[in-house]
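Written out below as structure tokens is the structure these notes cover.
The values are calculated or read from the model by the stated rules, or taken from the named source; none is laboratory data. Everything numeric in this text was worked out from a predicted model, so none of it was measured. Every residue, glycine as well, gets a Cβ built from its backbone with ideal geometry; the counts of neighbours run over all protein chains shown.
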Amino acid sequence: MDAPNPTQNPMRKFEAPPSVSDKLAEYTTCEISDALIKLGVPHGGHIPDITMFSPSFDDTSVRICGPAYTVKMVPASDTSSPKLERHFVDSAPRGCVMVISAPPSVKSAVWGGLMTAGAQVQGVRGVVIDGRCRDIAEHRAAQFPVFARGRSTLGQGTFTHPSEINVPITIDVPTSVNPSSNTEVVKPFMEAEVNPGDIVVADVDGVVWVPPELVEVVAEKCKVSREVDAKCLEDIRAGKGIAYSFKTWRGK
């Protein structure tokens, strides 16, 4: 599947093609990251520090998978950036996973209960937020998957506004600061650039994204790795030890 063209009508609807996104739906984010590492992708597709808030913090049955529909938020004080003519939830394509980028310094939420209600009507599979959410009880009551960096009591309108949709968004890892010297420390992880149409998978372990052109090979590597791990597990449970099973089936 080609990435959607940001110049095209953002109000179009599409079903996530089973031949692309659903090929990864059965695999965990850990399996997908392992496959991407084997392919030489240094970050393994991982988007760090984003966790599941709904339907619960630890529901192992939840996994969302679909093409990314991206939303870029900017501070409310930013008057030079574009503004949307239509609410970004109302423009969400059916079958997508919404990925929202919020300014890193903002402590307010960019997603609330009414947005979840609208997203479900649109057929959105879930939302991944580089920022904060609120109204967690409402998301859980709706059984709608929400993954976020944090939560807040504050709403979106006063502090941020959506500026662009279906554009590449960069999800950065904040530079840590050494409290003793008040100096910046090297970033612990590289930034993630999510493009419209990238396949996003999220579960209890975290969030990963995969460029569409890598889906086929990633799915195949996940399949092989799962078979190898099953053989390792059988040997480990038989008392043969981890070292033996790894060397026998993983070759190391």
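Can you name every residue in the range 89-135 that is assigned to a loop (DSSP other than H, G, I, E, B), in contact with a Pro (Cβ under 8 Å, 6 or more places away or on another chain) and under 13 Å from PHE147 (Cβ atoms)?
ARG125
Looking at (1) among the β-branched types (Val, Ile, Thr); (2) buried (at least 17 other Cβ atoms within 10 Å of the Cβ); (3) in contact with a Cys (Cβ under 9 Å, 6 or more places away or on another chain), which is the one condition that is false for VAL194?
Looking at each condition in turn, VAL194 falls short on (3).
Working only within the range 237-252, note down all residues that are exposed (fewer than 10 other Cβ atoms within 10 Å of the Cβ) and basic (Lys, Arg).
Residues satisfying the conditions are ARG237, LYS252.
Given the conditions (1) surrounded by 13 or more Cβ atoms within 10 Å (Cβ to Cβ); (2) of a type outside the set (Val, Ile, Thr); (3) assigned to a helix (DSSP H, G or I); (4) free of Cβ contacts under 8 Å to residues at least 12 places away in the same chain, which single one is not true for GLU234?
The number of the failed condition is (1).
For the range 136-159, check the following and say yes or no: at least one residue is farther than 25 Å from VAL41 by Cα, in a strand (DSSP E or B), of a type in the set (D, E, K, R) and at pLDDT 95 or above. Give the steps one after another, and end with the answer.
As a first pass, look at the range 136-159 and keep what is farther than 25 Å from VAL41 by Cα: 136-146, 150-159.
If we keep only those that are in a strand (DSSP E or B) as well, we get 146, 150-151.
Keeping just the survivors that are of a type in the set (D, E, K, R) gives 151.
Keeping just the survivors that are at pLDDT 95 or above gives 151.
So far as the range 136-159 goes, yes, one or more of its residues are farther than 25 Å from VAL41 by Cα, in a strand (DSSP E or B), of a type in the set (D, E, K, R) and at pLDDT 95 or above.
Just give me the residues in the range 205-216 being over 14 Å from HIS43 (Cβ atoms) and either buried (at least 17 other Cβ atoms within 10 Å of the Cβ) or in contact with a helix residue (DSSP H, G or I) (Cβ under 8 Å, 6 or more places away or on another chain) (or both), in sequence order.
Residues satisfying the conditions are ASP205, PRO212, VAL215, GLU216.
When you scan the range 138-149, do you find a residue that is within 18 Å of the chain's Cα centre (by Cα) and without any contact (Cβ under 8 Å) to a residue 40 or more places away in the chain, even just one? Quick ask: steps written out before the conclusion?
First, the residues of the range 138-149 that are within 18 Å of the chain's Cα centre (by Cα): 139, 143-149.
Cutting the leftovers down to without any contact (Cβ under 8 Å) to a residue 40 or more places away in the chain gives us none.
Within the range 138-149, not a single residue is within 18 Å of the chain's Cα centre (by Cα) and without any contact (Cβ under 8 Å) to a residue 40 or more places away in the chain.
VAL41 is checked against (1) part of a loop (DSSP other than H, G, I, E, B); (2) surrounded by 23 or more Cβ atoms within 10 Å (Cβ to Cβ); (3) of a type in the set (A, V, I, L, M) and fails just one. What number does that condition carry?
If we test VAL41 against (1) part of a loop (DSSP other than H, G, I, E, B); (2) surrounded by 23 or more Cβ atoms within 10 Å (Cβ to Cβ); (3) of a type in the set (A, V, I, L, M), just (2) comes out false.
Quick check: is even one residue across the range 120-132 farther than 20 Å from VAL194 by Cα and among the acidic types (Asp, Glu)?
Taking the range 120-132 as the starting set, the residues that turn out to be farther than 20 Å from VAL194 by Cα are 120-123.
Pick out the ones that are also among the acidic types (Asp, Glu) and you get none.
For the range 120-132, residues farther than 20 Å from VAL194 by Cα and among the acidic types (Asp, Glu): absent.
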